[in-house]
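The values are calculated or read from the model by the stated rules, or taken from the named source; none is laboratory data. On a predicted model such as this, the values are computed, not experimentally measured, just so you know. Every residue, glycine among them, receives a Cβ derived from its backbone with ideal geometry; neighbour counts consider all protein chains shown.
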Amino acid sequence: MGAEFIADLCERVRDHAARKSALRIRGGGTKDFYGEESRGETLSTRAYSGIVAYEPKELVLTVRAGTPLRELEDALAAERQMLAFEPPHFGAEATIGGAVACGLSGPRRPYAGAVRDFVLGARIVNGKGEDLAFGGRVIKNVAGYDVSRLMAGALGTLGVITEMSFKVLPRPAAEATLAFEMDEAAATTQVNRWAGQPLPLSATAWHDGMLRVRLSGAASAIAAAKTKMGGEETDAGGYWTDLREHRLPFFTAARTLWRLSVPQTADPIATGAQIVEWGGGLRWAAGDLDPLTVRSTVERLGGHATLFRGGDRAIGVFHPLQPAVLKIHRRLKSAFDPAGILNPDRMYRFG
């Protein structure tokens, strides 16, 4: 079935390229809201599902793009392992291919790494209908352009992901969450101070005067960290999962949501309602905010602002690129998808 699916996929892409007819690449559809509006005939990867190879002792996994995230995480959990970048699902139908294409990482990202950091290899069908493989199933130094990692966050604009190989990590033996009452500036300063110490940090989140810090690792290391850090241990319940999946009341309110990526030590941004993650590096801002003010403020801090949900998309979902960077984007798009048929305009409009 696998070879037949790939052959049919290549033929379909070649046919659309010849006619310059757009294809809307889709996995589980749980992140359809993210990015610019999709167009074209839907090309689903859901049928191409399953684990190709899994070597728990080597911490290496190869999986087909249409594999449901939930199914994959269950298989890893059975071996007490995990995808350390904690990809958001945003729905029961989420697939691993969609998670990589969107490039979104969860609360553990600043302490473990982003999606791209765990990608070892990729198999894709490019816009010419060619079945291509990059990287491999082992961790090694790479000379030249790391195409596999380029797929993370490309939103399907460079190729249809068919398979991915990942480095996976053991699940922590124990976890605990500490809570501290403090304002945003104090929380950011304190978290970055802790980050410079040998503490088993695995997530931080500040909201409405409360800082939560997750510790992960050996029970002895967590006990020592709790004694050193203080605070009040809290039963986090599903807090970190609800944060990752945007199920907290902050996210479920019907209002525009911005995703602000800035240096961790950047000063607080006066945008009203916020949740601050990643030690200050990721800031979710909600409400009726002026787009130009948001973007100019974040750019001045050395970051970028994404219109994540809602709002007037005429301003563009992703932060405008500098001319030199935009030129690189155009050249990459042209090299991988010369007819411009794969998720056209999903990130930036090049026309």
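Would you please name the residue that is nearest to F250 (Cα to Cα), looking only at residues in region 206-215 that are out of contact with any Phe, Trp or Tyr (no Cβ under 8 Å at 6 or more places or on another chain) and crowded, with 17+ Cβ neighbours inside 10 Å?
Ranking the qualifying residues of region 206-215, first place goes to W206.
For region 160-196, enumerate the residues that are closer than 30 Å to R346 by Cβ and not in a strand (DSSP E or B).
Across region 160-196, the qualifying residue is only V168.
Determine, yes or no, whether L199 is modelled with pLDDT of 95 or more and part of a strand (DSSP E or B). Break it down stepwise before answering.
Numbers: modelled with pLDDT of 95 or more: yes; part of a strand (DSSP E or B): no.
No: the conditions fail for L199.
Among the candidates I269, I275, which residue alone is closer than 20 Å to D208 by Cβ, assigned to a strand (DSSP E or B) and among the β-branched types (V, I, T)?
I275
Can you tell me which of S220, S216, S148, S202 is over 24 Å from the mean Cα position of the chain (by Cα) and of a type in the set (S, T, Y)?
Answer to the check: S220.
Mind listing whichever residues of region 297-334 are small (G, A, S) and loosely packed, with under 12 Cβ neighbours inside 10 Å?
G302, A314, A324
Residues that are at pLDDT 95 or above and more than 22 Å from the chain's Cα centre (by Cα): list the strands (runs of 3 or more DSSP E) wholly contained in region 13-95 that include at least 2 such residues.
41-44, 51-55
Which ones in region 32-49 are in contact (Cβ under 8 Å) with a residue 24 or more places away in the chain and either loosely packed, with under 14 Cβ neighbours inside 10 Å or of a type outside the set (S, T, Y) (or both)?
Once the filter is applied, which keeps residues that are in contact (Cβ under 8 Å) with a residue 24 or more places away in the chain and either loosely packed, with under 14 Cβ neighbours inside 10 Å or of a type outside the set (S, T, Y) (or both), region 32-49 yields F33, G35, E36, E37, R39, G40, E41, L43, R46, A47.
So if I check each of G106, G66, which one is crowded, with 16+ Cβ neighbours inside 10 Å, under 20 Å from L158 (Cα atoms) and touching a residue at least 24 places away in the same chain (Cβ under 8 Å)?
G66
For T234, indicate whether it is surrounded by fewer than 17 Cβ atoms within 10 Å (Cβ to Cβ), modelled with pLDDT of 95 or more and not basic (K, R).
No, not satisfied.
In region 122-159, what residues are assigned to a strand (DSSP E or B), surrounded by 18 or more Cβ atoms within 10 Å (Cβ to Cβ) and modelled with pLDDT under 95?
Taking region 122-159 and keeping what is assigned to a strand (DSSP E or B), we get 122-125, 131-135.
Narrowing the set further to residues that are surrounded by 18 or more Cβ atoms within 10 Å (Cβ to Cβ) leaves 122-125, 134-135.
Correct list: F134, G135.
Residue by residue through region 316-342, note down the ones that are aliphatic (A, V, I, L, M), within 23 Å of L292 (Cα to Cα) and more than 22 Å from the chain's Cα centre (by Cα).
Selection gives A324 alone.
Can you give me the number of residues within region 278-294 that are more than 19 Å from the chain's Cα centre (by Cα) and in a strand (DSSP E or B)?
Qualifying residue count, region 278-294: 1.
Look through R349, R331 and report the one residue that is assigned to a loop (DSSP other than H, G, I, E, B) and either out of contact with any strand residue (DSSP E or B) (no Cβ under 7 Å at 6 or more places or on another chain) or at negative phi (or both).
R349
Taking the conditions exactly as written (among the aliphatic types (A, V, I, L, M), within 24 Å of Q274 (Cβ to Cβ) and surrounded by 18 or more Cβ atoms within 10 Å (Cβ to Cβ)), does A176 satisfy them or not?
Against the criterion (among the aliphatic types (A, V, I, L, M), within 24 Å of Q274 (Cβ to Cβ) and surrounded by 18 or more Cβ atoms within 10 Å (Cβ to Cβ)), A176 does not qualify.
Return the residues of region 216-249 that are under 30 Å from H319 (Cα atoms), in contact (Cβ under 8 Å) with a residue 24 or more places away in the chain and either touching a helix residue (DSSP H, G or I) at 6+ places or on another chain (Cβ under 9 Å) or part of a loop (DSSP other than H, G, I, E, B) (or both); say none if nothing qualifies. Break it down into steps so the answer makes sense when it comes.
As a first pass, look at region 216-249 and keep what is under 30 Å from H319 (Cα atoms): 239-249.
Still in the running and in contact (Cβ under 8 Å) with a residue 24 or more places away in the chain: 239-240, 243-246, 248.
L243, E245, H246, L248 - these are the residues of region 216-249 that are under 30 Å from H319 (Cα atoms), in contact (Cβ under 8 Å) with a residue 24 or more places away in the chain and either touching a helix residue (DSSP H, G or I) at 6+ places or on another chain (Cβ under 9 Å) or part of a loop (DSSP other than H, G, I, E, B) (or both).
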